[in-house]
Structure formats: C-alpha cells, structure tokens
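Derivation of every value follows stated rules applied to the coordinates shown; laboratory data play no part. Remember, it's a predicted structure, so these values are computed and weren't measured experimentally. In this analysis, Cβ positions are derived from the backbone assuming ideal geometry, glycine residues included, and neighbour counts consider all displayed protein chains.
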Amino acid sequence: MSHGLRRYAPGYTGMLAACVVAIGVGIPGKGHSQSLEELQRIIEQQQAQIEAQSRVLDKLQKEVEALKSQEVVEAPGKPGDPAEVPADLIRAKGGDKVSVQIYGQVNQALLVADDGDSTDYYTVDNDHSSSRIGIVGDAKINEDLTVGARMEFEYQVNPSNVVNQEDKQPGADSFDDRWVDAQLTSKRLGKLYIGKGDTASNGTSEVDLSGTAIVGYSGIQDLAGGILFYDENRDDVSGTDVGDVFSNFDGLSRRSRIRYDLPEFAGIGISGSLLTDGGDVALRYFAQWADWKFGAALAYADPQAISESIDDQYSTSASILHSSGISFTIAAGMQELEDSTRDDPMFYYGKIGYRSRFFQIGETLFSVDYMYSEDQARNGDEGMVLGFQMVQDLPEWGSEYYLGYRWHELDREAEDYGDINALMTGVRVKF
Amino acid sequence: MRCLLPAVMTTAGLTILLLAAGCTKQPESFEYTPVEEVQPGPGLFSGEDGVFTIYEKTADTPPRPSAEESKERLEAPAP
C-alpha cells in the first residue's frame, strides 16, 4: 500500500507544480511572485508530510508481517489442539512444559462371607484398590526443577473392609481425600512433598509383583476386614473382626505431612516424612535385569500422630518376578506398644504367584498366600489366613476381573471362634 | 523384634543377593506402582494412555518478542 502511495505522490506534486506555473505565467507582477513563493512553500510542506506518512506506513506493514510469521510458528496443529491457545496464555498458565491429567477407576465386587454360623453376601467397593478419581499436573520450571500438584478422592459405597453381619450397608458412604498434595522435584536434590498423601513408610509392607493384589496381598483386612468372628460359646457374633486380628502394619498410611525423597541411586530410594507428631523413614529398592524383576522395602515409623498406644512400628516386604511368570512375595511387620502389659503384635506373610497369557484377550494371573499374626487384638491371639487369587486382565476393555477366596482362623484363649470363609468376585474398570 | 528377625534377614539377604547378582550385569531401575494405586495400562474410555490428558504442552516454542524487541527490529535498517 505504501509503495502505491509513493508511486502516486510524484504525480500529485507535479500536477500542483504545473498549476502553479500556469498561474505564475498568466498573472505577472510582484504580488504574483510572492504568491508563487507561498505556493511553493505549501507544496514543499505537503511533500514532506506525504513522505513522513509513507515512512509510518512502511513501519506498520513490517510490524503486520512480523506478527503474521509469529502466528504460524506458535499455533501449529489441528483444530482443537491445545497448541492453538495463544502462547502468552500458555505461559501464563504455568510454563512452557505443562501437563494436566485426570484419571480414575471404579472397583465393585460381590463379597460372600460365612462366619461359621451363617452366610451373608454384600455388594461392596473393593478396598484393595478403591473407586476414585484424581487430577495430577506438573510444570517444568527449568532443566532441573518441576513443580506438581495432585488431588485424589476416594468414594466408596459399602467398603469391603467395613461391611459386616450387623451392618451390611454402612450408613454414610465413605468419602476420603487420599491426596491433596504439592510437590517440588529436583533431578539433583530429590523430591519434596507437602500436604496429604503417602507417608514415606506407606506401602513398605505391600511390595508385590504377583499382579493379583487387586484381590489379595498382605493387607488381609481389605477383603473382609469388617466381618465379625462368631463366638460359638455365646452363640453370637463377637466384637472382634478380621481387621483387628490381621493388620500388616503398613507404615503410617496417607497423612498430612512433609515428605522428602532423596534422589534415587542405582534403584535405591531413601525417604522420610514428618507429621505433626512423629514421622517415619523408609528404604526402597526396585531393579530389573535379564529375566528378573525385584522390589523390596523397609521402614521404621514413630506413629505418635495417629496412635498413643504404639511406640514404634517396623515393616518390610520383598517380591521377585521371573519372566516365566513365577513370583514370590514376603512381608513382615511388628509394633512395640506403650502398654507394658501388652505383648508386641507381629505378622508375617508369604505368597507364590504365576502369570501367563493363556488367552489372546490378556494375561491370567494366579496366586496363593498365607499370613500368620500374633497378639494383634489381645495377648495370646494367634491368627492364620490361607487364600487363593485369580485375575483375568482385559486390557482392551481397560478392565480386570477377579476372584479371591480367604480362610481366616483366630485362636484365642478360653474362646471358641468359628472360622471365617470369604469369597470376593468383581471388576475394576479404569477410566 | 526377635520374631521379625527371620523376615528382615530374608529380605536383606535377598536384596544383597540380587544386588550382588546385579553387579555382574548392570540392573535397571523400574517404576513400581504401589498395589493400592491406579495401575498403569489402558483405560476403557481413555484408551492406551489410561488417563485423560486435558492439557499438555511439551514442545519448545520460540518466545514471542517483547515490545522492546519488536521496536528494535522495526527500527533496524533493512538488509
């Protein structure tokens, strides 16, 4: 456009000059000479103005061209692609490398439990891995630092570890904030968490590579933890349930805490967390080579923030999986109690598993497990569990179908409790 | 603590054994997902990823020039 104006400008001034000359020739004299000079001055002023406008237009055109080229670079992609969002808006939302994801699952099952006197069935939310929804995001600040946040909420209708003979549908649905957490990760210095989430020791009793943990692992109480032992002497249910007798002392669970993980070295991770009172430290090791995959964890916890009766708590577990599909898992834990009249409770646990692809649809996984516990609910209590688990993975459907069975026995002095047999079958559907 | 000793020794023994075995061939660490967490793998609705990525930007893009940079560029003589 400016080039057009510049081409046009000489013609315009030339015409004006011709008019001026014509006037000057037709009207001679001093007065006419003054008019001619005046006109020439006006023409020169107008010419200067036109040239100034032309320069401004040149600048504007260059700026428009520069903006057009930036739009091409910064907004590539298909319609609907997040990259179409203007770059300034992206940066304002959290940096040049940002990710926000939503995830979740529904895990529903049928639980059938027999206490030696009667058989009841329950529709439950499987507490081995409960129904939940979460959102997680992180933004890379620079080559070393990443800032992240995670919120995860569990919503359970009839949790499998709560229902029992006297309360088949616990009144209030269980709504729990599992994670409300901010995280700062440095490649060189490690990871810092603040908020509610896993304590360092959480999961240290539960390392399990069998793949059947959805329906059976060292957390025995997750399958039928609320079911009450039947007291044969009183001919009524007792006040002791499966969860009272078979805890796996799995650290401090998820709590509001400050947690720090050292940078991982050769698969070894060391972490610690600080609660309002007490805290914990944990050591983890995960590695794979050739045909083997191995994981182990060990933790010490000072559970002052969650219990006044426990002084110290120790937990450990290890699991190994061979490429043939065979796996072995062990776990153990104990507590030292404040009350000197109470014996320190303990447990140990073992599991053998096998996984193979018998069908095209996905892997089929089997395992058998065993737990022995002592002094957990009362001095002298001895508990024993035997179980069987089967899981059919259906990756095409984002689902797993499972079946688990457990036999629970409690020996208590001067009491006669019936054994509890529990069967659970259900499906976990991942969003 | 006495009753826990066998299990701790077994765990420690297995770890040492496998670490030693790892010395002959360099082991690789892997991402372990705790049993209670949502496991990796495809989802029914989300497909292969197993998660809905509602927002993601990973590619490095050249930053938009500031007003000062634009002015300098405009005032620079044409090549």
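Descriptive notes on the structure:
- Qualifying GluC sites (Glu not before Pro) in region A:92-161, DSSP loop, other Cβ atoms within 10 Å at most 10: A:E143
- Residue (of A:T240, A:P263, A:G251) at the positive-pole extreme of region A:221-288, dipole from beta-carbon charges: A:P263
- Trypsin sites (Lys or Arg not before Pro) restricted to region A:210-302 and DSSP loop, no more than 13 other C-beta within 10 Å: A:R234
- Cα-centre dipole for region A:102-212 with unit charges at Cβ (Lys and Arg positive, Asp and Glu negative), debye to 20: 880
- Where GluC sites (Glu not before Pro) fall in DSSP loop in region A:350-426, at most 13 other Cβ within 10 Å: A:E413
- Net charge contributed by nearby residues that have their C-beta within less than 14 Å of A:R178 (K/R +1, D/E -1): -4
- Centroid-to-centroid, using Cα positions, region A:351-394 and region A:201-275 are 14 Å apart.
- Greater than 27 Å apart at Cα, pairs in A:K97/A:K191; A:K59/A:K97; A:K187/A:K351: A:K59/A:K97; A:K187/A:K351
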